[in-house]
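Some notes on the structure that comes next.
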Amino acid sequence: MSRLSHRLQTLAQARRKALVTFITAGDPNLDATVPALHALVAGGADVLELGIPFSDPEAEGPAIQASSHRGLAQGTTLLKVLAMVRDFRRTDVDTPVVLMGYLNSVLTMGCAKFADAASAAGVDGLIMVNLPPEEAGEIKSLLDARNIDLVFLVAPTTTPERTAYIASNASGFIYYVSLKGITGADHLQVESVAENVGSLKAVARIPVLVGFGIKDAVTARAVAQYADGVVIGSVLVTTMAEAAQSPEMIPERLTAQVGEIRSALDA
């Protein structure tokens, strides 16, 4: 069992909702990422999602797009992202780390080389936004052999047939995209999420977590009623951007922000 699957299983047994937090590697600078990851854990994050900066992050809203561009401007590469994970692992061997990005970065390195490097660094999962599940066979086999979960996404527009296919092939968790649009959007409809997640959980054999449009403790708690957990990203990225001129303040602010959401989920 992977570290990610074990963490989610432990949370389910304890009847707790998973809190997944997202930040972009190298934003606002290379030295900020690892302290930020530890701060997120201190605030109550169960799983860390770390973005690989990419020049054309088409699924992202303005906040995460800007963070990706800032990360690239700092010289952040996939190799440097893996180095950050290795650094994080020096003092935290328990918290799962999932890399999120676009297939282009992995193909540039080479799938086999990436799988080896990710395993050596301590990566537990991978989300590739532009990788169709039907074309994921090669990289999934490489990751499976190294106990790394390949997480697939399901959207409101995904057909029941394709949802069933994804549910039977995904590992770690299924990432349900809560709305039609980009990250950070503000038209989340909890009723729609409840209906669609209910249908998804009926065919899923692993946890279903919900992301996109979850901005605060109130929306996180509302969505978590129907899912196994939530993913928080854009608001954390915005916090880091706002504190860029005083980077020493970033960990404290992240811990407090995540702590509020954690408390709401546990209430």
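The values are calculated or read from the model by the stated rules, or taken from the named source; none is laboratory data. Quick caveat: nothing in here was measured; it's all calculated off a predicted structure. Positions of Cβ are backbone-derived with ideal geometry, glycine not excepted, and every protein chain shown enters the neighbour counts.
For (1) touching a Lys or Arg at 6+ places or on another chain (Cβ under 7 Å); (2) among the polar types (S, T, N, Q); (3) under 18 Å from R86 (Cα atoms), each residue gets a yes or a no:
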site: F22; (1), (2), (3): no, no, yes
site: A32; (1), (2), (3): no, no, yes
site: L37; (1), (2), (3): no, no, yes
site: P57; (1), (2), (3): no, no, no
site: I64; (1), (2), (3): no, no, no
site: S68; (1), (2), (3): no, yes, no
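In this structure, does P53 turn out to be of a type outside the set (F, W, Y), in a loop (DSSP other than H, G, I, E, B), on the phi < 0 side of the Ramachandran plot and surrounded by 24 or more Cβ atoms within 10 Å (Cβ to Cβ)? Talk me through it step by step, then tell me what you get.
Numbers: of a type outside the set (F, W, Y): yes; in a loop (DSSP other than H, G, I, E, B): yes; on the phi < 0 side of the Ramachandran plot: yes; surrounded by 24 or more Cβ atoms within 10 Å (Cβ to Cβ): yes.
Spelling it out, P53 is indeed of a type outside the set (F, W, Y), in a loop (DSSP other than H, G, I, E, B), on the phi < 0 side of the Ramachandran plot and surrounded by 24 or more Cβ atoms within 10 Å (Cβ to Cβ).
For the structure I just gave you, tell me whether I127 is in a strand (DSSP E or B) and either among the aliphatic types (A, V, I, L, M) or touching a Ser or Thr at 6+ places or on another chain (Cβ under 9 Å) (or both). Break it down stepwise before answering.
Details: in a strand (DSSP E or B): yes; either among the aliphatic types (A, V, I, L, M) or touching a Ser or Thr at 6+ places or on another chain (Cβ under 9 Å) (or both): yes.
It is true that I127 is in a strand (DSSP E or B) and either among the aliphatic types (A, V, I, L, M) or touching a Ser or Thr at 6+ places or on another chain (Cβ under 9 Å) (or both).
Could you figure out which of (1) out of contact with any strand residue (DSSP E or B) (no Cβ under 7 Å at 6 or more places or on another chain); (2) at pLDDT 95 or above isn't true of Q65?
Among (1) out of contact with any strand residue (DSSP E or B) (no Cβ under 7 Å at 6 or more places or on another chain); (2) at pLDDT 95 or above, the lone unmet condition for Q65 is (2).
Quick check on segment 61-75. Is at least one of its residues of a type in the set (S, T, N, Q), under 28 Å from N104 (Cα atoms) and assigned to a loop (DSSP other than H, G, I, E, B)? Can you show your working first?
Going residue by residue through segment 61-75, those that are of a type in the set (S, T, N, Q) are 65, 67-68, 74.
Going one step further and asking which of them are under 28 Å from N104 (Cα atoms), we end up with 65, 67-68, 74.
Now restrict to residues that are assigned to a loop (DSSP other than H, G, I, E, B): 74.
Yes.
Look through P156, P132 and report the one residue that is modelled with pLDDT under 95 and in contact with a Leu (Cβ under 9 Å, 6 or more places away or on another chain).
P156
Go through segment 177-201 and report how many residues are modelled with pLDDT under 90, hydroxyl-bearing (S, T, Y) and outside any loop (DSSP other than H, G, I, E, B).
Qualifying residue count for the region: 1.
Report, by residue number, each residue of segment 214-234 that is in a helix (DSSP H, G or I), among the aliphatic types (A, V, I, L, M) and touching a residue at least 40 places away in the same chain (Cβ under 8 Å). Steps first, please.
The first filter runs over segment 214-234 and keeps only residues in a helix (DSSP H, G or I), leaving 217-224, 234.
When the remaining residues are screened for being among the aliphatic types (A, V, I, L, M), the result is 217-218, 220, 222-224.
Of everything in segment 214-234, those that are in a helix (DSSP H, G or I), among the aliphatic types (A, V, I, L, M) and touching a residue at least 40 places away in the same chain (Cβ under 8 Å) turn out to be A217, V218, A220, V223, A224.
Quickly run through segment 26-36 and pick out the residues that are in contact (Cβ under 8 Å) with a residue 60 or more places away in the chain and not in a loop (DSSP other than H, G, I, E, B).
Applying the first criterion (in contact (Cβ under 8 Å) with a residue 60 or more places away in the chain) to segment 26-36 yields 27-29, 31-32, 35-36.
Hits for segment 26-36 are D31, A32, P35, A36.
Mind listing whichever residues of segment 106-122 are small (G, A, S) and either closer than 18 Å to S2 by Cα or in a helix (DSSP H, G or I) (or both)? Full working, then the answer.
Pass one, segment 106-122, residues small (G, A, S): 110, 112, 115, 117-122.
If the condition is that a residue be small (G, A, S) and either closer than 18 Å to S2 by Cα or in a helix (DSSP H, G or I) (or both), then A112, A115, A117, A118, S119, A120, A121, G122 are the ones that fit.
Considering each of V106, V129, V85 in turn, give the residue that is out of contact with any His (no Cβ under 7 Å at 6 or more places or on another chain) and within 24 Å of Q9 (Cα to Cα).
V85
So A12 clears everything in (1) farther than 23 Å from P251 by Cα; (2) hydrophobic (A, V, I, L, M, F, W, C); (3) touching a strand residue (DSSP E or B) at 6+ places or on another chain (Cβ under 6 Å); (4) assigned to a helix (DSSP H, G or I) except one condition, right? Which one?
The number of the failed condition is (3).
Looking only at residues that are closer than 30 Å to E191 by Cβ and basic (K, R) in segment 218-267, which one is surrounded by the fewest Cβ atoms within 10 Å (Cβ to Cβ)? Steps first, please.
The initial filter retains those residues of segment 218-267 that are closer than 30 Å to E191 by Cβ, namely 218-239, 257-267.
Okay, now just the ones that are also basic (K, R), so 221, 262.
Working: R221: 18, R262: 20.
Taking the candidates together, the pick is R221.
Could you check segment 76-100 and list, in sequence order, the residues that are assigned to a helix (DSSP H, G or I) and not charged (D, E, K, R)? Before the answer, list the steps.
Our first condition is that a residue be assigned to a helix (DSSP H, G or I); within segment 76-100, this holds for 78-89.
Within segment 76-100, L78, L79, V81, L82, A83, M84, V85, F88 meet the criteria.
Would you check which residues across segment 130-148 are buried (at least 17 other Cβ atoms within 10 Å of the Cβ) and in a helix (DSSP H, G or I) and list them?
Going through segment 130-148, the residues buried (at least 17 other Cβ atoms within 10 Å of the Cβ) turn out to be 131, 133, 136, 139-140, 142-143, 148.
If the condition is that a residue be buried (at least 17 other Cβ atoms within 10 Å of the Cβ) and in a helix (DSSP H, G or I), then P133, I139, K140, L142, L143 are the ones that fit.
Restricting to segment 8-43, and then to whatever is of a type in the set (D, E, K, R) and surrounded by 19 or more Cβ atoms within 10 Å (Cβ to Cβ), can you tell me which residue is modelled with the lowest pLDDT? Don't jump to the end; show me each part of the working.
So in segment 8-43, the residues of a type in the set (D, E, K, R) come out as 15-17, 27, 31.
Imposing the further condition that a residue be surrounded by 19 or more Cβ atoms within 10 Å (Cβ to Cβ) reduces the set to 17, 27.
On the way: K17: 98, D27: 95.
By that ranking, first place goes to D27.
Among (1) in contact with a strand residue (DSSP E or B) (Cβ under 9 Å, 6 or more places away or on another chain); (2) without any contact (Cβ under 8 Å) to a residue 60 or more places away in the chain, where does L72 come up short?
Condition not satisfied by L72: (1).
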